[in-house]
Amino acid sequence: MRRYLLNRLGQVVLTLIIYITLVYFLLQAMPGDITQMYLANPRIPQAAREELQKQLGLDQGVVMQYLNYLKNFFSGELGVSFSHYPRPVWDILMERLPRTFVLFLTAHVLSFYLGYLLGRIIAWRRGKVVDYAATVVGITFWTAFYPLLSLVLIWVFAYTLKLLPLNQFIEPRLWQGAPFPTNTVFGYMVYGGGAVAVGLFLVFYAFLRGLKRSRRNTARAWLSAFAIIAVALAVAWRTGLLVYIWDIASHMILPVCTLTLISFAGTMLLMRDSMLETVQEDYVMAARAKGLPDTIVRDRYAARTAMLPTVTSLVLSLASSMSGGLVTETMFSWPGLGQILFHSALANDYPLATGALAFTGVFLLIAHFVADILYAVLDPRITYAGQPAVEG
Amino acid sequence: MWKIRWKLTVRGLAQNWAVFRESRVGMLGVVIILLFGVFGALWPIMINTVWDPLVYHPVVGFDPMVLHPSPPTRAHLLGTDPIGRDILAQLMFSTGREFLLGVLSALITVVIGTVIGTVAAYYGGFTDTFFMRVADIMMLFPFIPLLVVVGSMVRLTFFPFAMILGVLGGFGGITIILKAQALSVKVRPYIDAARVAGGSSFHIIRAHIIPNVLPLSFLYMMFNVTSAILSEATLSFFGVLNIDMSWGMMIHTADVAGYLFDFGKYWWLWLPSGVAITLFCAAFYMVGRGLDEVVNPRLRKR
């Protein structure tokens, strides 16, 4: 196991270096460089411009610049952003990364769960109306033109029905006299949400797996789950954070729903296909012959095995959902990594664009790595010695 | 000799078509694609006979008789856009372009993917490892953010953009899937027989491995058409492409002019092109799903 992990980690680092190299040379190959931005300004004398070039290291060769960039990247020195002038790139990215991360994690988990539920139902009722309807609707959302879909959702829910806030991350008027800075509240929200999620998971794990499955135990599980949520809400209320947390959370609802809508079909269709294969296995027929109820055969016998390929696809869909993330964040003005990437690219803010692109890669690589481990844990058939499981 | 081969090909196609026809989702996709084909083919006829090119040209046309953007009228069945161009004409004109873009880039992807996949499977060793690692990296690449960054610095035009999409896709995940398929072909006895009979590596790859991988390549081509068109639409919408007219561009035009803020009132500016993009992509995806049942016998009904 450890050898496998070390091997994967080595691959991740190597891939990261290659990725950063590609990003760097791609941006290097673009026309123009930083000093040319000041060419039109007559108040900068030639000497000052040369001095600037020297300070920025632009008088050295490309290879030296590249090596410098690599060294700086790994020591966390990404330069200073032009468009947010005095702030270093690292600072901006560190502020944005958790926001993107939270948005994605929520949307991914939701869409995976929705796809898993629907997929096993429509596979079970293959050839019925439900199957066709869910497939066609799912494909339509999956291939929907996302910018427009998000506009339509904003228009319906925020503009016409006024149920949800329009856009962005927070409501500025509410936060004017707020006793807490936004990022602190967001931090509490993330940690609190994480703690609640872990608590809920443990409760359900203990009651539904470890203990006997009876109506009484199920009721107890639900009760303690509600108790955990209530305690968390009470703590938030006492500290006066609840209003602000609700503000951020309500701003998250629309983007999360959009991301879920456009991506649940992928899991659903894959789950359907993989269920259709497992349903033909002998052990499923044995379970049926034993006289077990249909739902138990479906959920506990067939779906468990059929889930594995969807986990792989979850890994493979990460990159494309990152692209979807750029669109979603831009459309909803959600101040995350994708939005900053888009704005910096349009504003010719090279350090920020490079940094954001590189960070997107880092984010994806880490997610890839985690998903790989998850897959290895889920599937007992995989041996850690040889090739990674995704291949072949 | 070629007569027999031709007959066999026709018979194989007929059988596959029979399987494909059972998939209702796939047939729905085919019907939608055919409708779009007719719609696109109407364009040259309409502009040459019915419509006045000065008024109905999709890029430089202008109708001086009405205020723009005008809601649907008899002269402009789907209304006009903020600078006075006919929406229906734009929609029709773009259909052909979208077909070209999608099919061209998917074709490039599939050709590259098939060649690399089969070669990697046949030779194995270094070639295999190299291309598989390249594919791993390509799968990591967030394409849309990357193309946004590239596009905001160099405005890409139609053909280079289709090429870039095709080539980037060709080295990506598709090679892994096609390689797995080619590997399963490579171990069959007739490959050994061909080698014993004195067939060169090139001959074996061309005449025995590639024909057996092609159905799967064709299937992935459908999915690639979808993703190519969606990428084009998204990037055009953000205004980072240098394309004069496309469905994404139509929405972009409405967006820059500020008409998307009043969404419900100016519905004709975004609805036709939005529906067109979604339906068109969904249709190719559905055909892909239908083909999946042909290629993958385990999915068929018992």
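Readers should treat all values here as calculations from the given coordinates under stated rules, not as data from a laboratory. Note that the coordinates shown come from a computational prediction; the quantities given were computed from them, not determined experimentally. Here Cβ is always computed from backbone atoms with ideal geometry, including for glycine, and neighbour counts include all displayed protein chains.
Computed values, structure above
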item: Kirkwood hydrodynamic radius (C-alpha pairs) into Stokes-Einstein, chain A, 37 °C and 0.692 mPa s, D in µm²/s; result: 134
item: Nitroxide proxy distance, nm - points 7 Å out along Cα→Cβ at A:ILE296 and A:LYS162; result: 5.3
item: Pairs of alpha carbons in segment B:19-299 whose separation is greater than 34 Å (percent); result: 31
item: Computed E for A:SER214/A:TRP246 - FRET, C-beta separation, R0 41 angstrom, nearest 0.05; result: 0.65
item: Angstrom value of the Kirkwood radius, inverse mean 1/r, which spans all Cα pairs in segment A:146-232; result: 16.5
item: Ranked B:TRP247, B:TRP268, A:TRP155, criterion: other C-beta atoms within 10 Å, fewest first; result: A:TRP155, B:TRP268, B:TRP247
item: Stretch gain in nm, segment B:ALA197-B:ASN242, where the contour uses 0.36 nm per residue and the Cα spacing is subtracted; result: 10.8 nm
item: Estimated FRET transfer efficiency (B:PHE39, A:LEU14; beta-carbon r; R0 35 Å; 0.05); result: 0.10
item: Label-point separation in nm, A:LEU308 to A:GLN55, each point 7 Å along Cα→Cβ; result: 6.0
item: Estimated translational D of segment A:268-369 in µm²/s (Stokes, Kirkwood radius over Cα pairs; 25 °C; 0.890 mPa s); result: 148
item: GNM result for chain B, Cα springs below 10 Å: residue of B:VAL225, B:VAL187, B:VAL148 fluctuating most strongly; result: B:VAL187
item: Local net charge near A:GLY119, Cβ-Cβ under 14 Å (Lys/Arg +1, Asp/Glu -1); result: +3
item: Tilt relative to chain B, helix B:143-153 - C-alpha long axis, 0 to 90 degrees, to 10; result: 50
item: Taking B:GLU232, A:GLU281 and counting other C-beta atoms within 10 Å, the order from fewest to most; result: A:GLU281, B:GLU232
item: Chain A: relative contact order in percent, alpha carbon pairs under 8 Å with at least 6 residues between; result: 29
item: Partner lysines for B:LYS265 [C-alpha distance under 25 Å; skip if fewer than 8 residues away on the same chain]; result: A:LYS162
item: For A:VAL80, residues with placed amide H under 5 Å, excluding near neighbours; result: A:VAL89
item: Simple spin-label estimate for B:PHE126 and A:TYR113 in nanometres, 7 Å along Cα-Cβ; result: 5.1
item: Full-extension gain in nm, A:ARG238 to A:ALA29, via 0.36 nm per residue minus C-alpha separation; result: 69.7 nm
item: q = 0.13, 0.15, 0.17 Å⁻¹, segment A:165-278: log10 I(q)/I(0) [Debye, one scatterer per Cα]; result: -0.76, -0.90, -1.00
item: Convex hull (Cα only) mean projected area of segment B:132-290, reported in nm² to one decimal; result: 11.9
item: With 10 Å bins from 0: P(r) over the protein assembly as shown, alpha-carbon pairs, percent; result: 3, 12, 22, 25, 21, 12, 5, 1, 0
item: Residue mean of other protein chain beta carbons inside 10 Å, B:150-160; result: 3
item: Mean ellipticity per residue at 222 nm, deg cm²/dmol - from DSSP H runs of n ≥ 4 across chain A, formula -39500 (n - 2.57); result: -24000 deg cm²/dmol
item: Using alpha-carbon coordinates, inclination of helix A:129-142 to the longest axis of chain A, degrees; result: 10
item: Crossing angle, helix A:303-331 versus chain A [Cα axis fit, 0-90 degrees, rounded to tens]; result: 30
item: B:LYS7-B:TYR190 FRET efficiency (beta carbon distance; Förster radius 25 Å; 0.05 resolution); result: 0.80
item: Sorted by Cβ neighbour density within 10 Å, fewest at the top, the residues B:THR234, B:THR129, A:THR360; result: B:THR129, B:THR234, A:THR360
